[in-house]
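Please read the structure below before turning to the comments.
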Amino acid sequence: MCQFVIGIVKLIYMIFTQHKFYAQLERVLNHGVLQKIGILKKAYPINKILKEEINAVMDNNWKIVCKQLKVYLTVYISGLFIYIIPPIIINYYHKFKGTPNYAYMSVSASSFSDDKSMSFPFYYIHLFLDATGIYACACGCLCFDLLFVIQCVHCIGLIKVLCLMISRSTSDLVPKESRVEYMCYCISHYQNTYEFFKNTQKMFMHVNLSHFLMIMLESAMILFKISESLEIDKLALTRMVIYYIAAIAMCGIYCYNGQQFSNTSEEISHALYNCIWYQESKEFQKLVQMMLLRTKDEFHFDISWFARLNYDTMVKIFKMSYSYFLLLQDIAD
């Protein structure tokens, strides 16, 4: 049920904000932020090398997205198969054998009652939600999560490009008289990257709160069901284990990318320190100081206003879900 709620929330949110998702995704596909880099429009000797390195970074980004998508789809498809295939096989087996008074198993993850005594329109609402639950979860969660992965990995790529540009600012291929101008272009790219990051942050931060709260409650209930069906129903146990792995994957894909983004953003200050700024002009040094002050603790994805998207948050969520699981066990006993 929690999975269904998460999927519906994400699906409805995407329907009403699809123009924002489309605009942001178009900037990713067309490399809108990279096209604004002024350095590449100047006749610097370093431009050819810089373009090759930027292309390598962005190509590697798409490989990372493809790998994460494969892992995510594997977990999702495994979950769907474990819910759909066994009931179909068992139902057809009993139909072929002609088992008397056999109660057919539900194919969907939720269990729908055939009791038509419910007043109108609750029976039909229940029937509709039960029939479309799996598909709503798949469409809502998969599309929303994949969009986050694409935009977050693109943000990571933009920061890597910024670090590349900064590290090359004192190279011999950049004329000494043009290095202040070069650093100004680096600052301009930083501003464009920060704007893209903030737009991505606004689109996901509040929806992610409901996502993680639901996963926390869902994980506690799944652990409780696993403990109940440990020696009773092996099929239900297998279903719950796969379902729990899917919940971990849904939480992990956000926290992993959020942590990677935070780690990559810390490389900006390292790149500024490592460039040979102390041999440059006073104006160049002031620009480096300004960037060091500006880049301090600015890049991190948030879960609404309550937590940051990183490994620590993931650990806390599953610790809390385990606490709720123990509470449910105490109540049951």
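Say whether the condition of being exposed (fewer than 15 other Cβ atoms within 10 Å of the Cβ), modelled with pLDDT of 70 or more, over 23 Å from THR238 (Cβ atoms) and of a type outside the set (A, V, I, L, M, F, W, C) is met by at least one residue in the range 62-83. Looking through the range 62-83, at least one residue is exposed (fewer than 15 other Cβ atoms within 10 Å of the Cβ), modelled with pLDDT of 70 or more, over 23 Å from THR238 (Cβ atoms) and of a type outside the set (A, V, I, L, M, F, W, C). Just checking, does the range 232-244 include any residue being hydroxyl-bearing (Ser, Thr, Tyr) and within 23 Å of VAL28 (Cβ to Cβ)? There is no residue in the range 232-244 that is hydroxyl-bearing (Ser, Thr, Tyr) and within 23 Å of VAL28 (Cβ to Cβ).
Identify, please: which residue in the range 11-46 is touching a helix residue (DSSP H, G or I) at 6+ places or on another chain (Cβ under 6 Å) and in a loop (DSSP other than H, G, I, E, B) and is, among those, modelled with the highest pLDDT? In this case the residue turns out to be VAL33.
Exactly one condition in (1) without any contact (Cβ under 8 Å) to a residue 40 or more places away in the chain; (2) over 30 Å from VAL180 (Cβ atoms) is not met by MET214; state its number. Looking at each condition in turn, MET214 falls short on (1). The test for being touching a residue at least 24 places away in the same chain (Cβ under 8 Å) and not in a helix (DSSP H, G or I) holds for LEU173. Residues of the range 309-326 that are among the hydrophobic types (A, V, I, L, M, F, W, C) and without any contact (Cβ under 8 Å) to a residue 60 or more places away in the chain: VAL315, LEU326.
Applying the criterion of being buried (at least 21 other Cβ atoms within 10 Å of the Cβ) and in contact with a Cys (Cβ under 8 Å, 6 or more places away or on another chain) to the residues of the range 145-168, the residue that is nearest to HIS211 (Cα to Cα) is LEU162. Could we say that ILE37 is touching a His at 6+ places or on another chain (Cβ under 9 Å) and more than 19 Å from PHE144 (Cα to Cα) here? Answer is yes for this residue.
Contact map, the range 141-170: first residue outside any helix (DSSP H, G or I), second residue among the β-branched types (Val, Ile, Thr), Cβ cut-off under 8 Å, separation 6 or more or different chains; pairs are ARG168/ILE46; ARG168/ILE49; ARG168/VAL174; THR170/ILE276. When LYS202 is tested against (1) at pLDDT 85 or above; (2) buried (at least 20 other Cβ atoms within 10 Å of the Cβ); (3) not in a loop (DSSP other than H, G, I, E, B), only condition (2) is not met.
The values are calculated or read from the model by the stated rules, or taken from the named source; none is laboratory data. Keep in mind it's a predicted model, so treat the numbers as computed, not measured. Counting neighbours? That spans all protein chains shown, and the Cβs are built from the backbone with ideal geometry, glycine included.
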